[in-house]
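The values are calculated or read from the model by the stated rules, or taken from the named source; none is laboratory data. Remember, predicted model here, so these are calculated numbers, not experimental data. All Cβ positions, glycine included, derive from the backbone under ideal geometry; neighbour counts span all protein chains shown.
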Amino acid sequence: MLKRILFLSLLAFSGNVNAQNIDSVTVVTAKWQKQKIAAKTKLITYHFNEKNLFAVNQHIAYIEVNRKGNAPFFALGADEKVLKTTETFGKELNAVAAINGTFFDIKNGGSVDYIKVNGNVVNENKLDKNGNRARHQQAAVVIENGKLNIKKWDGSKNWEQNLTEKDVMNSGPLLIYNQQVEELDTTAFTKLRHPRSAVGIKADGKVILLTVDGRQENSAGMSLPELTKLMKWLGCVSAINLDGGGSTTLWVSSAPENGVVNYPSDNKKWDHQGTRKVANVILLKKKQ
């Protein structure tokens, strides 16, 4: 019944059945595989393998957390210099699940975006030669008392330093904020399809940690406008892009093999082994 209501609402919104509506209905009516991985927490996956989402194959995996009751809490993991795989971060920090975080220096290690973990600044923003911020430094994932939120840069120089939350991770670009779709630039990073990672907050307060695989025949990846549409169709009222490409990894402690549930692209194979070492992650941890 809920899917039918949403289906009718989507049709009414546009007034006609165009390609975008077909894609939105495809997402909403798909028979997503759902598996409980912790209290009030589900792993949800689907492989659109008939070139039926944005006219290509897509593999999507996300974790949905109902933030009520005894649900796991959110935390950040980061290292100032040492790069580790997402699953290594997850195992070392006793997490239920983890997703790769924000952008980092592949050669020298460490985040290129501001990171604060448990009140301690791990990395500062690396600005361009003119002192300007990158698009991925104009929003942040913030966590306080285990609760995750998304915030938008207010234009001030020391914005992130003035945020009161103990955990702060700059990232971006921001896709949706308080129900408003954000304007994106027209760079190749935005327009081309790549593996993507994102965080979204739904209208009912649920949080999703999402990966879209890419650079594979089985999954093309998404442009940022396509990712924005997907997050909106999944019910997000705020959403932020994380580092993607070869970094895109979703790890679950209870999953088989190495715990990776998506298909990372770094080894150019359709398996769970092609994970890239990263500088930081977003974690889900069980309450004690």
Which of the residues belonging to the stretch 1-31 are surrounded by fewer than 17 Cβ atoms within 10 Å (Cβ to Cβ), modelled with pLDDT of 90 or more and not hydroxyl-bearing (Ser, Thr, Tyr)? Ile22, Ala30, Lys31
Of (1) in contact with a Gly (Cβ under 6 Å, 6 or more places away or on another chain); (2) polar (S, T, N, Q); (3) not in a strand (DSSP E or B), Ser197 satisfies every one except (3)
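Can you pull out every residue in the stretch 229-255 that is of a type in the set (A, V, I, L, M, F, W, C), assigned to a strand (DSSP E or B) and more than 11 Å from the chain's Cα centre (by Cα)?
Filtering the stretch 229-255 for residues of a type in the set (A, V, I, L, M, F, W, C) gives 230-231, 233-234, 236-237, 239-240, 242, 250-252, 255.
Narrowing further to those that are assigned to a strand (DSSP E or B): 236-237, 239-240, 250-252.
Residues satisfying the conditions are Cys236, Val237, Trp251, Val252.
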Counting only residues that are part of a strand (DSSP E or B) and in contact with a strand residue (DSSP E or B) (Cβ under 8 Å, 6 or more places away or on another chain), how many does the stretch 24-55 have? 17
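Between Asn149, Asn170, which is surrounded by fewer than 16 Cβ atoms within 10 Å (Cβ to Cβ) and in a strand (DSSP E or B)? Let's see the steps before the verdict.
Details: Asn170 fails: surrounded by fewer than 16 Cβ atoms within 10 Å (Cβ to Cβ).
One residue alone meets the criteria, Asn149.
Out of the residues in the stretch 251-288 that are aliphatic (A, V, I, L, M) and over 21 Å from Ser111 (Cα atoms), which is surrounded by the fewest Cβ atoms within 10 Å (Cβ to Cβ)?
Keep residues of the stretch 251-288 that are aliphatic (A, V, I, L, M), which gives 252, 255, 260-261, 278-279, 281-284.
Imposing the further condition that a residue be over 21 Å from Ser111 (Cα atoms) reduces the set to 252, 255, 260-261.
On the way: Val252: 23, Ala255: 17, Val260: 25, Val261: 22.
Filtering the stretch 251-288 for residues that are aliphatic (A, V, I, L, M) and over 21 Å from Ser111 (Cα atoms), the one surrounded by the fewest Cβ atoms within 10 Å (Cβ to Cβ) comes out as Ala255.
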Scan the stretch 19-77 residue by residue and report those that are in contact with a Phe, Trp or Tyr (Cβ under 8 Å, 6 or more places away or on another chain) and of a type in the set (D, E, K, R). Asp23, Lys31
